[in-house]
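Structure record follows, encoded as structure tokens.
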Amino acid sequence: MSGATILANPAASGGQVAAVPAPPANRPRRDYVSIGLWISLAISALVWALPFVFMFLTSVKSRADVNTAPPWYLPTEWLFSNYADAVDTGNLWVTGANSLLVAVIKVPLGLLLAAAAAYALARLRFRFSKLVLGLLAAGSMVPIQVGLGPLFTTMLSLDLLDTKLGLILPYLAFGIPYQIFMLYGFFRAIPDELEESARIDGASTFRIFWQICLPLAKPALAALFILDFVATWNEYAIAATLLQSQDNWTVPLAVLGFSGQHATDYGPLNAFIIMSAVPVLIVYLMFQRYFVAGAFSGAVKG
Amino acid sequence: MSVLERPPAPPAAPRRRGDRRFLRALPYLVPAAGLYVAFLVYPMLDAVRLSFFSWNGFRTSEPEFVGLRNYVRMLTNDPVFYTALSNSVIWVVLSLLVPMLLGLLLALALNRRMIGRNLFRSVFYIPAVFASITVAAMWRWIYNPTVGSLNQFLEAVGLASWQQQWLGDPKIALYSVFVASVWQGVGFSLVLFLAGLQQVPAELVDAARVDGANRWQVFKAVTIPALRPTTAVVIILTIINSLKVFDLIVGMTGGGPAQSTQVLALWSYQQSFSNHDFGQGGAIATVLLVLSLCLVVPYLVRTLKAEEH
């Protein structure tokens, strides 16, 4: 289970025990330090949260309210209709469905392909497996923008420009290397004895991958799933290059389109911005534990 | 290395055994590697190839080989290139200083037990899950000269003279955009450093305490050395992410005003797609590629070597 124990050391999940007031027996000097630290943290957190507060307040204001009163004033009338307006003018259902469809196909498929490759590199080690791993990983760290021009012409000649498949293929290509790099570490950590005893029991290479290695890497897979979902939902540069018709747009393109076209409708604009981030927020809150814990611990290990 | 999968074969034929292992690995490797080569490696190498051609990107015209002319033009006749290059460098340096140090400080503070710790962590981290393009839209509104929160706040607290055209003044626009990136990026290094701090052996800290070391001494003698691998990862990822910066700038300034927020990644893109000069775009992309590889390759070689043991 060593693959799992790397992850069982989460950065955030220990937080449930948060409320531990310093015992009164402590030296008072230390308490002042703690209190001062807490206060400065609270102030910083407040500053960090302010953009969200202003955004929400503005998202329920009328145009008159926005133009006459500062952002921290409460609205004279809570205009939740801004949200409905924003959905309509920003074509949010269509772009949201596009983004969701791309993510639902791309994320699990990409993870499966990356896991298979990481398994081959980590467990079926052949002569140049290290070199192959290095070549794969290097690609994940190079700016996407380098290849955008040729990517455009490639998709044009494959007749895949402005299609969902044409977007999913490069998304897979750009997501897989990083995932291979992460999963490689987890598969390497699986003890050889486990694999050997499975082989004695007659398990095939595929069964060892499917029934031993994959389940052991579940925490890493969960973390990568969330990271990849968020990255896919947020991706802008490739989508902007490859998608043309508005009906094929993904959410980030819609956000930029909306803030360009309706830049003075601050109520609906902020409503639109908030709604565009709802899916990643839901995913983050649901899987927070894995997200903060596992996502990077593989990287940090090195 | 499992032993049982290959019964005690004499070391006479290691070559063929290696080939067999390779054949067995192929079906697992090919789908991922194929996609990677076709849609990532090939476009990047093609960008390098195009940098030696003159081409407007339209299918109706043929690329024409021009040798190093695009590079010569980039270096001698394109003032925007130098702006973009120096802005990219400024961005890298600032990112190494501000969000990284802030992330480290926050991680050290938030690694202790305290009331509201999880809430604090979430507040600092949530901007990092937002799309950069969304953050750009948020901050463009915050920076709005008339109705934006920043100028209105300055007025409300009596600092009206500090009001600025935050994104409209070429002298400060880059730094205004950078502030938004700090707001978004702190969570990333915070999480990495928190994960790193989890790996500081508690026994070592306890032992040092027992030996009478004060907090600062523990920090210097135990925490900092234990954080070294984490710091290396954060530095390399911060540099890479800084070279990639694109969405924030597209969403907030589009590279303006007067190219003052131009960076390499965006200028390469605009040369190809706005100015229809795929050769120039390719030349700038090549510079970006070489810069990135200079950083990434030594890092990877080191990581993979360390992994050996």
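Of the DSSP H helices in chain B, those with a Cα length along their own long axis of 27 Å or more and a mean Kyte-Doolittle hydropathy reaching 0.0 comprise B:79-110, B:173-198, B:278-308.
With bins 20 Å wide beginning at 0, the percent of Cα pairs of chain B falling in each bin runs 23, 46, 27, 3, 0.
Probe of 1.4 angstrom, ligands and nucleic acids ignored: what's the accessible area per residue over chain B, in square angstrom? Show your work: numbers first, answer last.
On the way: 14380 Å² over 309 residues.
Accessible area per residue: 47 Å².
Taking 8 Å as the Cα distance limit and 6 or more residues as the minimum spacing, I'd like the relative contact order of the stretch A:60-170 as a percentage.
Working: 35 pairs, mean separation 22.1, N = 111.
In percent, rounded to a whole number, it is 20.
All C-alpha pair distances within the stretch A:82-295, sorted into 5 Å bins from zero, spread as 1, 7, 13, 15, 16, 14, 12, 9, 5, 4, 2, 1, 0, 0 percent across the bins.
How big is the convex hull of the Cα atoms of the protein assembly as shown, per residue, in Å³? Don't skip to the answer; put the middle values down first.
Values: hull volume 112.5 nm³, N = 611.
Taking only Cα atoms, the protein assembly as shown has a hull volume of 184 Å³ per residue.
In this simple spin-label approximation, B:LEU154 and B:ARG20 carry label points 7 Å from Cα along the Cα→Cβ vector, and these lie 7.4 nm apart.
Could you give log10 I(q)/I(0) at q = 0.10, 0.11, 0.12 Å⁻¹ for the stretch B:80-261, computed by the Debye formula over C-alpha point scatterers of equal weight, without solvent? Debye intensities relative to I(0), on a log10 scale: -0.50, -0.59, -0.68. Accessible surface buried by the A/B pair amounts to about 9700 Å², both sides summed, 1.4 Å probe.
Label sites at B:ARG112 and A:THR163, each approximated as a point 7 angstrom past Cα along Cα to Cβ, lie 5.9 nm apart.
Bridgeable aspartates and glutamates around A:LYS61 (alpha carbons under 12 Å apart, same-chain partners fewer than 8 residues away excluded): A:GLU77, A:ASP265.
Note: relative contact order over chain A, using C-alpha pairs below 8 Å and six or more positions apart, is 33 percent. Counting only protein heavy atoms and a 1.4 Å probe, chain A has 42 square angstrom of accessible area per residue. Distance between the pseudo-spin-label points of B:VAL179 and A:MET286 (7 Å out from Cα toward the beta carbon): 3.7 nm.
Which number comes out as Rg/Rh for the stretch B:40-106 once both Rg and the Kirkwood Rh are worked out on C-alpha atoms? Mind showing how you got there, number by number?
Values: Rg = 18.0 Å, Rh = 15.0 Å.
Here Rg/Rh amounts to 1.20.
For the protein assembly as shown, a simple Cβ point-charge model (Lys and Arg +1, Asp and Glu -1, everything else neutral) yields a dipole of about 2020 debye relative to the Cα centre.
Computed from the C-beta positions of B:ALA213 and A:GLN261 and an R0 of 60 Å, the FRET efficiency is 0.50 to the nearest 0.05.
Once R0 is set to 51 Å, what does the formula 1/(1 + (r/R0)^6) return for the Cβ-Cβ distance between B:ARG228 and B:ASN77, expressed as a FRET efficiency to the nearest 0.05? The partial results should precede the final answer.
Values: r = 45 Å, r/R0 = 0.88.
After rounding to 0.05, the efficiency reads 0.70.
Take peptides A:267-279, B:97-109 and line them up by average Cβ neighbours within 10 Å, highest first, as a rough protection proxy. Could the numbers behind the result be given before it?
Values: A:267-279: 23.3, B:97-109: 19.1.
Most protected by this proxy first, the peptides run A:267-279, B:97-109.
Relative to the present Cα-Cα distance, how much length would full extension add between B:GLU307 and B:LEU96 at 0.36 nm per residue of separation?
Numbers: separation 211, 0.36 × 211 = 75.96 nm, distance 2.59 nm.
Net length gain for the segment: 73.4 nm.
Think of chain A as having a plus end and a minus end, set by charges on the Cβ of Lys, Arg, Asp and Glu; of A:ALA64, A:MET275, A:ALA42, A:ALA42 sits farthest toward the positive end of this dipole.
Averaged across the residues of B:19-31, what count of C-beta atoms belonging to other chains lies within 10 Å of each residue's C-beta? Don't skip to the answer; put the middle values down first.
On the way: counts 2, 2, 6, 8, 2, 4, 12, 3, 4, 13, 13, 4, 8.
That average works out to 6.
Considering only B:GLY148, B:SER189, B:VAL80, and ranking their Cα positions along the charge dipole of the stretch B:80-261 that arises from unit charges at the beta-carbon of Lys, Arg, Asp and Glu, the one farthest toward the positive end is B:SER189.
Under 12 Å from a point placed 7 Å out from the Cα of A:ALA97 along the Cα-to-Cβ direction: which residues of the stretch A:226-256 have their backbone N that close? Once the point is set 7 Å along Cα→Cβ of A:ALA97, A:247-248 turn out to lie under 12 Å by backbone N, inside the stretch A:226-256.
For chain A, which whole-number percentage of the solvent-accessible area (1.4 Å probe, protein heavy atoms only) is attributable to carbon and sulfur atoms? It would help to have the intermediate numbers written out before the result.
Details: 8500 of 12660 Å².
Carbon-and-sulfur percentage of accessible area, whole number: 67.
How fast does the stretch B:177-309 diffuse by Stokes-Einstein, in µm²/s, taking the Kirkwood radius from C-alpha pairs at 37 °C and 0.692 mPa s? Value of D from the Cα-based Kirkwood radius: 183 µm²/s. For B:SER149, neighbours were defined as the other residues whose beta-carbon sits under 12 Å from its Cβ, and their charges (Lys and Arg +1, Asp and Glu -1) total 0. What share of Cα pairs, in percent, lie more than 14 angstrom apart in the stretch A:32-79? It works out to 57 percent of all Cα pairs.
In percent, how large is the relative contact order of the stretch B:80-261, given Cα pairs closer than 8 Å and 6 or more residues apart?
Working: 184 pairs, mean separation 67.2, N = 182.
Relative contact order for the stretch B:80-261 comes out at 37 percent.
At 0.36 nm per residue, and after removing the present C-alpha to C-alpha distance, how many nm does the segment from B:ASP206 to B:VAL37 gain when stretched out fully? List each step's numbers first, then the result.
On the way: separation 169, 0.36 × 169 = 60.84 nm, distance 4.98 nm.
Result for the pair: 55.9 nm of gain on full extension.
The values are calculated or read from the model by the stated rules, or taken from the named source; none is laboratory data. Given the structure is predicted, the values throughout are model-derived calculations rather than measurements. Every residue, glycine among them, receives a Cβ derived from its backbone with ideal geometry; neighbour counts consider all protein chains shown. Just the protein is used for accessible areas: all its heavy atoms, side chains included, with ligands, DNA and RNA removed. Shrake-Rupley method; radii C 1.70, N 1.55, O 1.52, S 1.80 Å.
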